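Since the structure comes first, as structure tokens, the remarks are kept for the end.
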Amino acid sequence: MMKQLQCIFNVYDDLTTPSCHIMGLTYVSQVLNIHGRIYLNEQGINAQYSGPSKDALSYVEWLREDERFSNLLVQVSPTVNGHAFPKLKVQFKPLVQLEGGISDLPLLDPSKRATHLSPSEWKKKLESVDASNGKYVVLDVRNGYEWDIGHFRGAKRPEVDCFRSTSFGLSPLENINIYDPLADVDKEKTEILMYCTGGIRCDVYSTILREEGFKNLYTLKGGVSHYLENEGPAEWVGNLFVFDSRLSLPPSAYKPEAVNKAYIQENTSNEEKFAKCHLCGTLVHELRHRNCANLDCNLLFLCCQNCVTTFKGCCCSSCTTAPRLRPVLPGYERYKKWHVYRDMEMQVR
């Protein structure tokens, strides 16, 4: 059985940590059947892997032999069709990207970041939240399309399509952004409960909010994936968007025993409020995105099966006549590289 390991190396150390990790890639690539992607820089490491259970867990055991990674938070979820990544690669790049960069942020200072809440603490916070009194804001620090297939109850949809352009809490008083959940809150008294997929974006963005004067900042330790693994779908609606070939995972992938009939019925009623087809607006039962078949568009969008057929897998009618049009995917897998379809077309001719 293939396992997806989401090793959140949410450590803010010196360069000895990434260099040690790079040395381990030889072990991974030559001995174990591991694919994945690793982003690293001076401020930390963000890594995800996939592989057969035996190889995946062997790598974790080997990694934890290094005392610097002995307390590493490892999140495991299943894959259905083999590897979740096409290959193993490492890149020197920011953990997350924001306009203006993050090199000047005090990420090495824990006091400048939000307070971490364990999954159980986060659950208790949400259960006690009364959004009407204005003392709490549940802040989704992800992209809008991630919210579209699943989110915590009470969290507004982020009106951003790329985290790079996130500007929550940065609106000047004379020009308040109506889509900003933090535009008109009391920075001294309001509790900001921030969450994202794995916890890294929250850690980074919380330093910005701290510098903007927000006092009561909390983040979900390990992100939504860690929460679902420990608490199941309590206070969560829908699926979790993931940045690999699977695109979407239901809560049952993390904690099968916690998803009962009552949850499924409740979740179905909530789906009607947000899971809509991008083209016709009807309810989408399969909470999973697809990419536009037009390579030069490649928009990630929700679509019902009728519109998939009618629009040839595209996000709009204009894309159906694009010069680089890929075939309609039969399911919800990701597209391959363009040359695969180009060569297939040439062979037909």
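The values are calculated or read from the model by the stated rules, or taken from the named source; none is laboratory data. Everything numeric here is computed off the predicted structure, so don't read it as measured data. Note: ideal-geometry Cβ built from the backbone for every residue, glycine included; neighbour counts use all protein chains shown. Keep in mind that these areas ignore ligands, DNA and RNA; they rest on the heavy atoms of the full protein, side chains included. Shrake-Rupley method; radii C 1.70, N 1.55, O 1.52, S 1.80 Å.
Quick notes on this one:
- Among the residues making up the stretch 202-230, those that are part of a helix (DSSP H, G or I), more than 16 Å from F241 (Cβ to Cβ), open to solvent by less than 40 Å² (accessible area, probe 1.4 Å) and among the polar types (S, T, N, Q) are S206, T207.
- When S132 is tested against (1) open to solvent by 70 Å² or more (accessible area, probe 1.4 Å); (2) over 22 Å from T207 (Cβ atoms); (3) of a type in the set (S, T, N, Q); (4) at pLDDT 80 or above, exactly one condition is not met: (4).
- Residue check for V74: closer than 19 Å to L228 by Cβ and surrounded by 14 or more Cβ atoms within 10 Å (Cβ to Cβ): yes
- Which numbered condition Y205 fails, given (1) modelled with pLDDT of 95 or more; (2) farther than 16 Å from Y145 by Cα; (3) aromatic (F, W, Y): (1)
- Considering T26, T17, the condition of being open to solvent by 70 Å² or more (accessible area, probe 1.4 Å), out of contact with any Ser or Thr (no Cβ under 8 Å at 6 or more places or on another chain), at pLDDT below 70 and not acidic (D, E) is satisfied by T26 alone.
- Any hit, the stretch 120-129, residues being among the hydrophobic types (A, V, I, L, M, F, W, C), over 16 Å from G222 (Cα atoms) and part of a loop (DSSP other than H, G, I, E, B): yes
- Some residue of the stretch 105-128 being among the charged types (D, E, K, R) and modelled with pLDDT under 80: no
- Against the test of being modelled with pLDDT under 90, open to solvent by less than 40 Å² (accessible area, probe 1.4 Å) and either aromatic (F, W, Y) or over 26 Å from S128 (Cα atoms) (or both), the options F168, F152 yield a single qualifying residue, F168.
- Within the stretch 75-101, being at pLDDT below 80 and of a type in the set (V, I, T) holds for V76, T79, V80, V96.
- Qualifying residue in the stretch 184-196 (condition: at pLDDT below 90 and over 16 Å from F241 (Cα atoms)): yes
- Selection over the stretch 187-221 of residues that are under 18 Å from the mean Cα position of the chain (by Cα) and either among the basic types (K, R) or under 15 Å from L95 (Cα atoms) (or both) gives a count of 12.
- Residue within the stretch 53-73 that is part of a strand (DSSP E or B), touching a residue at least 24 places away in the same chain (Cβ under 8 Å) and touching a strand residue (DSSP E or B) at 6+ places or on another chain (Cβ under 9 Å) present: no
- Selection status of E235, open to solvent by 30 Å² or more (accessible area, probe 1.4 Å), modelled with pLDDT under 90 and under 24 Å from the mean Cα position of the chain (by Cα): no
- Residue in the stretch 138-148 that is in contact (Cβ under 8 Å) with a residue 12 or more places away in the chain, open to solvent by less than 20 Å² (accessible area, probe 1.4 Å) and among the β-branched types (V, I, T) present: yes
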